[in-house]
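Undergrad: I am attaching a structure below and will ask some questions about it afterwards.
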Amino acid sequence: MQKIQNFINGKYVDPVKGEYIDNVEPATGKAFAQVPNSSIEDLELAIDAAQAAFPAWSTMSVDKRSRILHKLADLIEQNLDDYALMESRDNGKPLWLAKAVDIPRASTNFRFYASAIVNFSTEAQVSEGFMVNYTRRAPVGIVGCISPWNLPLYLFSWKIAPALAMGNCVIAKPSELTPMTAYLLGKLANEAEMPAGVLNILHGEGKGIGQAIVEHEATKAISFTGGTATGKIVGATASQQFKKVSLELGGKNPNIIFADCDLDEAVKTSVKSSFTNQGEICLCGSRILIEESIYEEFKRQFLEECEKLVVGDPMDPKTTTGALVSEAHLNKVDSYVQLAREEGGTILTGGKKLDREGFYYEPTVIEGLDENCRTNQEEIFGPVVTLNKFKSEEEAIEVANSTRYGLSCTIWTSNLQRAHRVAHAVQSGIIWVNCWLVRDLRTPFGGMKDSGIGREGGDEALRFFSEPQNICIKL
Ligand code: NAP
């Protein structure tokens, strides 16, 4: 069985204590690799390497840093097939999806920030005849980047690309459940001639090495993506030391379907936004709110479309829905469907595990639940959606806003004024009107309420990974 290693100071190394955890392939339920369970000793080595690399990396010309990141983007593209295969085996997602979305987008993240840093400008204020203020933005130093398992390389690169572009040295930890593509990235960083110590990748458990990265006094900023409960711990720990912290957390996203929408498009896209990546995307809509007059017709078409979904082997190109990431997560999803039954919901389709090896769950649609019940309030993060009726625009907004979360929302209507009105009233960081998951990397990305603090994307991330210094010159 393959034993992967940490990447510290430009070299692959075994964990100091020699401890490993099994990495299980979701499609088979069997271990296919072993992952270092890193300790504070590994972190100290990574910190030493990052500290030694920081002076040269942070003062390297922007143009040179940009070229290294462009090269890394190229190399990921050239290794698309190997990376996609690894991502699919590690996560359980269909291979075609990893090939079409996850890996190309990871490459795009590096390319985007390789260009963004060259175009990044800082502010200046001129008080005529009196003074000039300008803002210098220096890298923060050593930063910790911690990412989840659902879009492994995509979310990993979404953090480390702006951190590196800005001139920081990075200690990064992918999820212990999906470490394989992050592991492979070390080799490509060396091929791209990234100096040793600039990017260090440690593997292991969140509560162990993840927590240690957040706690260590040498990490000056923490960028975290994961669940809201973990985000609370990370935020509390980081703020004790006045570290900069960005938290991208969970969601319970509503799709609001008005009667005047393009029903065909709304149905097809809502099926995608419910079940793409097994429903394991933080931006998936999990509560579909439908105007009463079209409820039955929407439901009929939605269920018809769901029948076309094919759950199965991630390697099969016909598969639309692969395996869930772990047995624990499969059981969590199943327990929520059980809860929905107890709360009075009717299972319209799906509702059980597949009777085969691996962690497969049927795409599940539930109706008849109260908006305040746990199934409609708590994040399930799997292939489970609820259908709910509303009578008026006001009611739709009230129900959309009724959870503790505020990550994303989709609105389906052909009424332009209504689209704007509802978008402004919904408490959500990202709103799509008549579409879903369309992304321009220049836009701010993140959630309101318990979905997180701070924003990623575009210049927001470059600002996060830098310290502004105001310099005032008397004229
Ligand atoms: P998670 O359990 O919170 O873990 C996220 C990452 O944090 C993992 O690398 C985890 O390591 C690590 N971790 C766990 N405890 C830690 C601690 N005390 N200190 C530091 N790091 C720690 O989340 P997940 O289950 O991997 O991911 C699913 C969640 O992420 C969902 O709630 C989803 O909505 C959210 N998400 C949000 C966004 C967004 O942009 N808002 C995007 C994607 C996913 P281990 O895996 O080793 O425990």
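Coordinate-derived values only; no laboratory data. Everything numeric in this text was worked out from a predicted model, so none of it was measured. In this analysis, Cβ positions are derived from the backbone assuming ideal geometry, glycine residues included, and neighbour counts consider all displayed protein chains.
Undergrad: Can you put 354, 330, 164 in order of Cβ neighbours within 10 angstrom, beginning with the fewest?
TA: The most exposed by this proxy come first: 354, 330, 164.
Undergrad: Which of the listed residues, 114, 390, 230, is farthest toward the dipole's positive end in the chain, when Lys, Arg count +1 and Asp, Glu count -1 at the beta-carbon?
TA: Checking the options against the dipole of the chain, the answer is 114.
Undergrad: Compute the signed sum of charges (Lys and Arg +1, Asp and Glu -1) over the other residues within less than 9 Å, Cβ to Cβ, of residue 223.
TA: Once all neighbours under 9 Å are counted, the net charge is 0.
Undergrad: I've got another one for you. So if I place +1 on the C-beta of Lys and Arg and -1 on the C-beta of Asp and Glu, and nothing else carries charge, what would the dipole magnitude of the chain be about its Cα centre? I want it in debye, nearest 20.
TA: I would put it at about 1220 debye.
Undergrad: Give the residue from 270, 283, 256 lying farthest towards the positive end of the charge dipole for segment 254-297; charges sit on Cβ (+1 for Lys and Arg, -1 for Asp and Glu) and the dipole is referred to the Cα centre.
TA: Looking along the dipole axis, the top candidate is 283.
Undergrad: Exposure proxy check: 300, 287, 137, 356 ranked by fewest other beta carbons within 10 Å?
TA: Lowest to highest Cβ neighbour count: 300, 356, 137, 287.
Undergrad: For a test of the definition: using alpha carbon positions, the gyration tensor, and the 1.5 limit on a/c, classify segment 254-443 as rounded, prolate or oblate.
TA: Note, shape of segment 254-443 comes out prolate.
Undergrad: From the helices alone, meaning DSSP H stretches of at least four residues, give me the mean residue ellipticity at 222 nm for the chain, per-run term -39500 (n - 2.57), in deg cm²/dmol to the nearest 500.
TA: -12000 deg cm²/dmol
Undergrad: With the crude spin-label approximation of a point 7 Å out along Cα→Cβ, what separation in nm comes out for residue 28 versus residue 293?
TA: Between residue 28 and residue 293, the label points sit 5.6 nm apart.
Undergrad: Any chance you could tell me what percent of the C-alpha pair distances in the chain go past 44 Å?
TA: Summing the P(r) of the chain above 44 Å gives 15 percent of all pairs.
Undergrad: Let me ask another. Arrange 224, 54 by Cβ neighbour counts within 10 Å, fewest through most, would you?
TA: The fewest-first ordering by Cβ neighbours comes to 54, 224.
Undergrad: Would you tally the net charge around residue 381, using a Cβ to Cβ cut-off of less than 9 Å, leaving residue 381 out, and scoring K and R as +1, D and E as -1?
TA: In short, -1.
Undergrad: Using unit Cβ charges (K, R positive; D, E negative) and no other charged atoms, how large, in debye to the nearest 20, is the dipole of segment 57-199 about its Cα centre?
TA: My answer is approximately 140 debye.
Undergrad: Let me ask another. Ranked highest first by the average count of other Cβ atoms within 10 Å around their residues, in what order do 82-90, 262-270, 209-217 fall?
TA: With the highest mean Cβ count within 10 Å placed first, the list reads 82-90, 209-217, 262-270.
Undergrad: Mind checking the dipole of segment 170-227: about its Cα centre, +1 per Lys or Arg Cβ, -1 per Asp or Glu Cβ, Debye to the nearest 20?
TA: 60
Undergrad: Okay, next question. Calculate the length of the line joining the C-alpha centroid of segment 404-461 to that of segment 331-375, in whole Å.
TA: Using only Cα atoms to place each centre, the spacing works out to 27 Å.
Undergrad: Picking from 406, 138, 73, whose Cα lies most toward the positive end of the charge dipole for the chain (charges on Cβ: Lys, Arg +1; Asp, Glu -1)?
TA: Going by the charge dipole, the pick is 138.
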